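Where a number appears in this text, it was derived from the coordinates with a stated rule and is not lab data. A quick note: this is a predicted structure, and the numbers were derived from the prediction, not measured. As a convention, Cβ positions derive from the backbone with ideal geometry for all residues, glycine included, and neighbour counts pool all protein chains shown.
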Amino acid sequence: MDFISISIPWPKRLSGLRIPKVPRVHSAMQMNRLCYDMNKDADGMEYPMFSEPCQHSLLNSAADVAALLLEHDNFLICPHINPDPDSLGSAVGLYLGLRKLGKRCKVYLPEETPPYMDYLLQHADVQLVQPLEMTWKMIFVDLGTPKQLHPAVKLIHPWLDIDHHMGPVTFTRYAFIDQQAPATSEIVFRILQHLNCPMDKVIATCLYSALVFDTRNLTTPATTPATLRQAAELVEAGADPTYVNQMLNQQKPLNLMRLMGEVFANLHSSLDDTLIWAVVPKSLQDKYEVDENEIDYLISDLLTIASTEVILMFKETATGHVKVSWRSKCHVDVNRIARQFGGGGHHYACGARLNLPLKQAVRQVVTATQEAMETVLAVA
């Protein structure tokens, strides 16, 4: 079946839905303490949460993950908050593969996604409200930290995390973390291979989209010959690079381009223009009527500036938080900086969410980044 460009009428999509609140969690330890407590939503419905530390096992290979999946059923697959194409494409690709094997599974997505990713969702059973039965085993994909969970997510049965980010994962029963993988979709591809799942055009398109997004079109330092071979296999299975490029890179709304013009006209720089940062306040998003999720990908354009070594972007969100994104060309390990602010990711691409006023967040993060860069670039 050929893909078509669609715009799903996602309920504004959530305004009419009452999603139960979940306590904010700021660490894996707090997450574990929420185990098997009885909690209640606004209607008094009881549901089990986590309050006692749960047993945790790190899996050693994609083959181990495949064997585990074969033994179980009823999977609720969850991307991270504000899912990008790697998280969403990996979630849907895994969902489609497990469905081919006769497994019962759903994709849980309690938020609106930018229209340019709608094509990844058209073949998935997407749940806007989380089923609360313990029978559903929650599988998280591309989730580097519990802070990346949507507030609507209830950790009723946090069963498995599949990820490639840095840092320990202890809030799920099982985890497979491959920090060498250039994208979570690369791990999902290997899992599906071990499951002997037939690769069709739809799955290949989801995984290829995820792979080229997280590797910046197969150009990041984590890209290896094996990555290129996998991309070729996905194209052989039916993924169309021209179509995927059109969907991911040629769907920017006109208002977003106008916002970009104002942001780019007011860039800040220091350290002989090797550090450049952009600030996107909520007022600017409102001025151009741009969804905050569409702004995240402006940072890639800033990396094309010749002098820069590190790029920062500060985005004020509707919740009052400030989302910070770091990108580095090669010399500076920005993940170390992000971890100072409770964030993380990869050596050359990472983020954090700060509960600070925008100006204060900019001041603190820029200062820490400058200090790290001065040390590293002096040696380089």
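Measure up Lys106/Lys201; Lys287/Lys315; Lys329/Lys359; Lys100/Lys137 against 23 Å on the Cα-Cα distance and list the ones that go over. Distance filter (> 23 Å) returns Lys329/Lys359.
Fewest-first ordering of His164, His268, His194 by other beta carbons within 10 Å of each residue's beta carbon gives His268, His194, His164.
For the chain, averaging the sequence separation of C-alpha pairs within contact (under 8 Å, six or more residues apart) and dividing by the residue count gives a relative contact order of 13 percent. Distance between the modelled labels on Ser307 and Thr375, one decimal in nanometres: 2.5 nm (7 Å Cα→Cβ projection). The GluC sites (Glu not before Pro) of region 91-184 that meet both conditions, a loop assignment by DSSP and at most 14 other Cβ atoms within 10 Å of the site Cβ, are Glu133. Applied to region 107-123, the Karplus parametrisation 6.51 cos²θ - 1.76 cosθ + 1.60 on θ = phi - 60° returns per-residue 3J(HN,Hα) values of 9, 9, 9, x, 8, 6, 10, x, x, 5, 9, 4, 5, 6, 9, 5, 10 Hz, with x for Gly and Pro. Our helix-only sum for the chain, with -39,500 (n - 2.57) per DSSP H run of n ≥ 4 divided by its residues, gives a mean residue ellipticity at 222 nm of -10500 deg cm²/dmol.
Here region 142-223 is assigned +1 on the Cβ of each Lys and Arg and -1 on the Cβ of each Asp and Glu. Its dipole about the Cα centre then comes out at about 160 debye. By the beta-carbon count within 10 Å of each Cβ, the least crowded to most crowded order of Thr215, Thr367, Thr224, fewest first, is Thr367, Thr224, Thr215. Based on the reciprocal of the average 1/r between different C-alpha atoms, the Kirkwood radius for the chain equals 21.4 Å. Couplings 3J(HN,Hα) for region 295-309, derived from phi with the Karplus relation 6.51 cos²θ - 1.76 cosθ + 1.60 (θ = phi - 60°), are 7, 4, 8, 5, 5, 5, 5, 5, 5, 7, 5, 4, 6, 6, 10 Hz, where x marks Gly and Pro. For region 254-379, the residue among Met257, Cys350, Gln360 whose Cα projects farthest onto the positive side of the dipole built from Cβ charges is Gln360. In a DSSP loop and with at most 15 other Cβ atoms within 10 Å, the GluC sites (Glu not before Pro) in region 283-358 are Glu289. Here's how it looks for Leu356: its modeled amide H is under 5 Å from those of Val322, which are all 5 or more places away or on a different chain.
Distances between placed amide hydrogens fall under 5 Å for His157 paired with Met138, all partners being 5 or more residues away or on another chain.
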